[in-house]
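Presented below is the structure to which this report refers.
The values are calculated or read from the model by the stated rules, or taken from the named source; none is laboratory data. Remember, it's a predicted structure, so these values are computed and weren't measured experimentally. Reconstructed Cβ throughout: ideal geometry from the backbone, glycine too, with neighbour counts over all protein chains shown. Please note that ligands, DNA and RNA were not included when accessible areas were found on the heavy atoms of the full protein model with its side chains. Shrake-Rupley method; radii C 1.70, N 1.55, O 1.52, S 1.80 Å.
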Amino acid sequence: MKTQVGIIGGGPSGLLLSQLLDLQGIGNILLEKHTREYVLGRIRAGVLEHGFADLMREAQCGDRMDTEGEIHGGFYIAHDDTRDRINLKRLTGGNSVMVYGQTELTRDLYEAREKMGGKVIHEARHVMPHDITTNAPYLTYNTGGKTKRIDCDYIIGADGFHGISRKSIPANKIRTFERVYPFGWLGVLSNTKPVSPELIYAKHERGFALCSLRSQTLSRYYIQVPLTDTVDDWPDDAFWAELKRRLPKDVADALITGPSIEKSIAPLRSFVAEPMRYGNMFLAGDAAHIVPPTGARGLNSAASDVYYLYHAMLDHYKNGDDTGLETYSQKALARVWKGQRFSWWMTTLLHSFPDNSPFDNRLQQTDLEYLLSSEKAMASLAENYVGLPF
Ligand code: FAS
Ligand code: PHB
């Protein structure tokens, strides 16, 4: 097979780029190693920057998001048995975020690809990029016991943190930066009415907690847990009791609990691979960078990579202008690192660090007091949270 762009990975990054390119008549084939059901079984992000929401609309995939998603103009920071609201709209001159689960967004993208007759190949095993540094790169993969080949002009590595694309770059051609946090997030999904109409990020000496939602009947909650914990350590009752301990009393009293329909522990890490281009292969999304989910930057950093790649490919194929391709890595990394900074800062601000000294804890408390007492500090948080410009 021959196409213009070969995409590895059928998560949000790969699917969104595939859809945008197809709409512009730029041929592409996407290879996903799992089944569609497996991909849609993952529970992940919940908050979209307004720039991401606009990109979904441009990809003609925004209708259900606009109908079922919720526009949030603020969120709360809970601490010391009280909570302060961060008024995103006022602090950013009118910007907000869209609360709409990644699972639903991925479903919308899959359905749009299907409707357009997009070439998405599932259960593509042992995908390998070849001749990446030549003008004739190609992909091989195995399906039904047969090895197949896709010749293309460019390869997009949108295969996530554990994918093959980043690992196909010679060690002396790539540099990685990493910070692993000494805790994870235990997340629970429950068919219950959310305790708050807007998200609540809670700082507590017992550990961080987050009250989020997917709809008015589907709640998403998280608590910080030690890395040694497993899901089996947290039966539903223990989870609900611990979440209540970390919330202001009025919120804890209002919490509606119910059986968990999904429960998982995600480790927290900050990670960046540079550069995001090697030869004619471009990395996008989690294949190149990971953030702790505290600042809701993960999926949103993937969106800006897709935005830059989409416009670079447009300029190349429509105008013969390769500036976008040549500057992609530098442009994408500039925004990625701002997302890294914000995610690290918000994680450091709100979590309990077992090895913190009393001095560290005083600094953390002072950071929070300064933030909540300064319009300018809150405006800085707000402009990062709604999304810096692409
Ligand atoms: P993805 O990992 O989503 O997709 C990559 C795809 O490539 C997968 O479908 C995978 O099956 C496929 N693939 C991998 N290797 C392959 C190969 N060799 N061949 C073919 N296909 C291959 N972000 C937030 O903003 N908020 C959150 O709360 C949040 N929670 C998260 C919880 C967890 C457990 C994880 C892992 C991530 C979370 N994230 C969160 C970040 C997450 O949403 C990512 O940013 C987002 O999935 C990035 O999308 P992709 O870059 O498409 O990568
Ligand atoms: C979620 O709803 O899953 C979510 C929301 C905001 C975050 C992290 C996770 O910062």
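The simple spin-label model puts a point 7 Å past each Cα toward its Cβ; for residue 322 and residue 232 those points are separated by 5.5 nm.
When the alpha carbon gyration tensor of the chain is reduced to an equivalent ellipsoid, the three semi-axes, largest first, read 37, 22, 20 Å. Computed over protein heavy atoms with a 1.4 Å probe, the carbon and sulfur contribution to the accessible area of the range 174-267 reaches 53%. Note on residue 1/residue 269: beta-carbon distance plugged into 1/(1 + (r/R0)^6) with R0 of 56 Å gives a FRET efficiency of 0.95.
Using the 1.4 Å probe convention, the accessible area of the range 97-235 works out to 46 Å² per residue with neighbouring protein chains retained.
Among the listed pairs 89/331; 148/331; 33/331; 115/263; 193/263; 2/115, those with a Cα-Cα distance over 24 Å are 89/331; 148/331; 33/331; 115/263. Specify whether the C-alpha gyration tensor of the range 37-107 places it in the rounded, prolate or oblate class, a ≥ b ≥ c being the square roots of the eigenvalues: rounded for a/c under 1.5, otherwise prolate if a/b is larger than b/c and oblate if not. The shape class here is oblate. What shape does the range 329-390 have by the C-alpha gyration tensor, where a ≥ b ≥ c are the square roots of the eigenvalues, rounded means a/c under 1.5, and otherwise prolate means a/b greater than b/c and oblate the rest? Judged from the Cα gyration tensor, the range 329-390 comes out oblate (a/c at least 1.5, b/c at or above a/b).
Spin-label pair residue 23-residue 123: with each label point 7 Å from Cα along the Cα-Cβ axis, the two points sit 3.1 nm from one another.
At 4 °C and 1.567 mPa s, what whole-number value in µm²/s does Stokes-Einstein give for the translational diffusion of the range 88-179, with Rh from the Kirkwood sum over Cα pairs?
Details: Rh = 16.8 Å.
The diffusion coefficient I find is 77 µm²/s.
Residues of the range 168-190 falling in the label zone of residue 359, defined by backbone nitrogen less than 19 Å from a point 7 Å along Cα to beta-carbon, are absent.
Taking the Cα centre of the range 260-390 as the origin, how large is its charge dipole in debye, to the nearest 20, when only Lys and Arg (+1) and Asp and Glu (-1) carry charge on their Cβ atoms? Walk me through the intermediate numbers first.
Working: 11 positive and 14 negative charges, 18 e Å.
Approximately 80 debye in magnitude.
Our Cα-only numbers for the range 256-390 put the radius of gyration and Dmax at 18.6, 59 Å.
Using just its DSSP H runs of length 4 or more, each adding -39500 (n - 2.57), the chain gives a mean residue ellipticity at 222 nm of -11500 deg cm²/dmol after division by all residues.
Can you give me the Kirkwood hydrodynamic radius for the range 201-322, using every pair of distinct Cα atoms, in Å to one decimal? Working shown, then result.
Working: mean 1/r = 0.0569 Å⁻¹.
In the range 201-322 this quantity evaluates to 17.6 Å.
When restricted to Cα atoms, the range 2-53 yields an Rg and a Dmax of 12.6, 37 Å, respectively. With a Förster radius of 41 Å applied to the beta-carbon distance between residue 249 and residue 217, the computed FRET efficiency rounds to 0.95.
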